[in-house]
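Trainee: Below you will find the structure I want to go over with you.
Each value in this text was obtained by applying a stated rule to the coordinates, not by laboratory testing. Note that the structure is predicted; figures quoted are calculated from it, not measured. Using ideal geometry, Cβ is built from the backbone for each residue, glycine included, and neighbour counts are taken over all protein chains shown.
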Amino acid sequence: MTELNEILLEVKDLKTHFHTKHGVSKAVDGIDFTLRKGETLGIVGESGCGKSITSLSILRLIPSPPGKIAGGQILYKGRDLVTLPDNEMRKIRGNDISMIFQEPMTSLNPVIPVGEQIAEAIRLHQKMSKKEARLKAVDMLKLVGIPSPEKRAKQEPFQLSGGMRQRVMIAMALSCNPEVLIADEPTTALDVTIQAQILELIKELQARLGMGVMMITHDLGVVAETCDTVAVMYAGNIVEHASTQNLFDDPKHPYTRGLLASLPKIDEDRDELYTIEGSVPSAYNMPVGCRFASRCEFAQAVCLEKKPDLIEQSDGTKVRCWMYSDEWAGAKPTEEVFN
Ligand SMILES: Nc1ncnc2c1ncn2[C@@H]1O[C@H](COP(=O)(O)OP(=O)(O)OP(=O)(O)O)[C@@H](O)[C@H]1O
Ligand code: SF4
Ligand SMILES: [Mg+2]
């Protein structure tokens, strides 16, 4: 585990909403977290819980309209990105904070050689001649483990395999030595072997370059492999925020416990895995109480009436669940429930 120090990002009560003809979708609805230099923070949760919208909000890449940052702050080294003028924000994007997108072809131009695309990205932020930038691009391709980088730099994205294109994306994201790297499902589109290689590569580069990394994934296996800390998102909120060790050894929120129980276990021979019944409430019509209540077998009257706060526990884990309040009179989860 990396030593954690300087705070790079501080997200405070961030709200990103979409105003559509169906009403207001509260995709991200009041989240708080920090990211320190050298830290890898995992953001996990089911599809639609607000992971990508959180990362796109940080880079101010929310499609607007219909999206809008409706409240809160995103402090990068103390400066609020929410209110930063567009020209200042452009300097931060790609230079200080970079993102690896899930599908590389959406952010690579299919008909321009990859070396040239990386060189262009470098020249956007750094004073360098075309020739110097091209050499740096080849260096970056070498850094991310692409064989024959000089030859590959001259090829167009369609001439490369999926794993290779993902490496190009990483090279591009790292080409300006960002302080913060946001990786949104960086390996979902890849096969298992390449997936492991890419994660190892991000980990290695992070250790070498000391970046803060936000690793967005729906895969708890990826979290266990790569993250120091984890924020579990559910319906636009963080419901548990813990060190990776605490999350796996002593998960607290019933949703987190459900996610862990639905992981396949190597030493067990079971036909069916645990599944969390039901579905995430609509972002257009969130319940007033706990957003997980309709799927939670421990729900009590209080859970339906009032929304729980995210409260820090004695082991440092923060959890948003009435069960961890002093007044709780209902049952508490036992391991058997989730097996
Ligand atoms: N253009 C849009 N218009 C309206 N609502 C939107 C729009 N884009 C996103 N949303 C809302 O934001 C919610 C969160 O989406 P987000 O992409 O952040 O989910 P996610 O956690 O990244 O899911 P996945 O695991 O599938 O990538 C969606 O459920 C949707 O309601
Ligand atoms: S607050 Fe209540 S409904 Fe929500 S997760 Fe906790 S026990 Fe379940
Ligand atoms: Mg997403």
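Trainee: Quick one: plug the Kirkwood hydrodynamic radius of the range 207-339 (C-alpha pairs) into Stokes-Einstein at 25 °C, 0.890 mPa s, and report D in µm²/s.
Mentor: Roughly 153 µm²/s, to the nearest whole number.
Trainee: Just check the range 211-289 against the gyration tensor rule for me: Cα atoms, a ≥ b ≥ c as the square roots of the eigenvalues, rounded for a/c under 1.5, and otherwise prolate or oblate depending on whether a/b exceeds b/c.
Mentor: oblate
Trainee: So, counting K/R as plus one and D/E as minus one, what does the shell of residues with Cβ under 10 Å around F101 add up to?
Mentor: Neighbourhood net charge equals -3.
Trainee: Kirkwood Rh over Cα pairs of the chain into Stokes-Einstein at 20 °C, 1.002 mPa s: D in µm²/s?
Mentor: Reported coefficient: 101 µm²/s.
Trainee: What is the antiparallel percent of DSSP beta bridges lying wholly in the chain, to the nearest 5?
Mentor: 60 percent
Trainee: Same structure, new question: For Cα pairs less than 8 Å apart in space and 6+ apart in sequence, what is the mean separation divided by the residue count of the range 1-131, i.e. the relative contact order in percent?
Mentor: 24 percent
Trainee: Roughly how many nanometres apart are two label points built 7 Å out from the Cα toward the Cβ at E88 and L75?
Mentor: 1.5 nm
Trainee: Further question on the same structure: Looking at the P(r) of the range 102-245, how many percent of alpha-carbon pairs lie beyond 23 Å?
Mentor: 37 percent
Trainee: Something else: Given the Cα-Cα distance of L135 and D326 and 0.36 nm per residue of separation, how much length would full extension add, in nm?
Mentor: Gain on extension, L135 to D326, equals 62.6 nm.
Trainee: For the range 73-152, what is the relative contact order in percent, using Cα pairs closer than 8 Å and at least 6 residues apart in sequence?
Mentor: 18 percent
Trainee: What share of Cα pairs, in percent, lie more than 19 angstrom apart in the range 1-94?
Mentor: Tail fraction, whole percent: 43.
Trainee: Quick one: which of 251-259, 220-228, 27-35 comes out on top by average Cβ neighbours within 10 Å, and what's the full order, highest first?
Mentor: Peptide ranking by packing, descending: 251-259, 27-35, 220-228.
Trainee: Go from 0 up to the bin containing the longest alpha carbon distance in the range 77-130, width 10 Å each, and give me the % of pairs per bin.
Mentor: Reading the bins upward from 0: 19, 43, 31, 6.
Trainee: Once you sort the root eigenvalues of the Cα gyration tensor of the range 85-164 as a ≥ b ≥ c, which label holds: rounded (a/c under 1.5), prolate (a/b larger than b/c) or oblate (the other case)?
Mentor: oblate
Trainee: Once fully extended, how much extra length lies between E156 and V24, figured as 0.36 nm per residue of separation less the alpha-carbon to alpha-carbon distance?
Mentor: Once the chain is fully extended between E156 and V24, it gains 43.4 nm.
Trainee: Taking the Cβ of L84 as the center, what net charge do the other residues with Cβ under 13 Å away carry, scoring Lys and Arg +1 and Asp and Glu -1?
Mentor: Spelling it out: positives minus negatives among the neighbours equals +2.
Trainee: Additional query: Over its Cα atoms, what ratio of radius of gyration to 2.2 N^0.38 Å does the range 154-205 give?
Mentor: Working it through for the range 154-205, the quotient is 1.14.
Trainee: To the nearest 0.05, how large is the calculated FRET efficiency for Y284 and E6 if R₀ is 41 Å and r is the Cβ-Cβ distance?
Mentor: The formula returns an efficiency of 0.60 here.
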